[in-house]
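The values are calculated or read from the model by the stated rules, or taken from the named source; none is laboratory data. These numbers come from a predicted model, not from an experiment. Ideal geometry is used to build each Cβ from the backbone, glycine not excepted, and the neighbour counts take in all protein chains shown. When the accessible area is computed, the model is the full protein with side chains, heavy atoms only, and any ligands, DNA or RNA have been set aside. Shrake-Rupley method; radii C 1.70, N 1.55, O 1.52, S 1.80 Å.
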Amino acid sequence: VQLRKAGKVTVRESTLKKLGAVHFKYGVVNEHFEVTKFALLETIKEAVPKMWSLEMKSAWSEAYDQLVAAIKSEMKPSS
């Protein structure tokens, strides 16, 4: 809903801090994010094959990359 109305999705800073701390705690590394991105894109492609396009792939890739960047910026021990 946020994306359709505002053209972007916002995540609370407290939520990002929690996500970052959990990812840090479990030792998530760059390769994990890449595998997850691949799986996400393939799953969407299989779920909506008639809607799938390069534009859709690009939009999902960009959204995922932005979320991952935000999570990575908070990947440190919780205080």
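Quick notes
- Selection within the range 58-79: residues that are acidic (Asp, Glu) and surrounded by 11 or more Cβ atoms within 10 Å (Cβ to Cβ). The member of this set that is modelled with the lowest pLDDT is Glu74.
- Among residues of the range 67-79 that are over 15 Å from Leu40 (Cβ atoms) and part of a helix (DSSP H, G or I), those with a beta-carbon under 7 Å from a residue that is of a type in the set (Val, Ile, Thr) and modelled with pLDDT under 90 at least six positions away or on a different chain give the pairs Ala70/Val11.
- Candidate set: the range 40-57, residues that are within 18 Å of the chain's Cα centre (by Cα), open to solvent by less than 50 Å² (accessible area, probe 1.4 Å) and at pLDDT 95 or above; chosen: the one nearest to Ala69 (Cα to Cα): Leu41
- Any chance Ala21 is in a helix (DSSP H, G or I), at pLDDT 95 or above and of a type in the set (A, V, I, L, M, F, W, C): no
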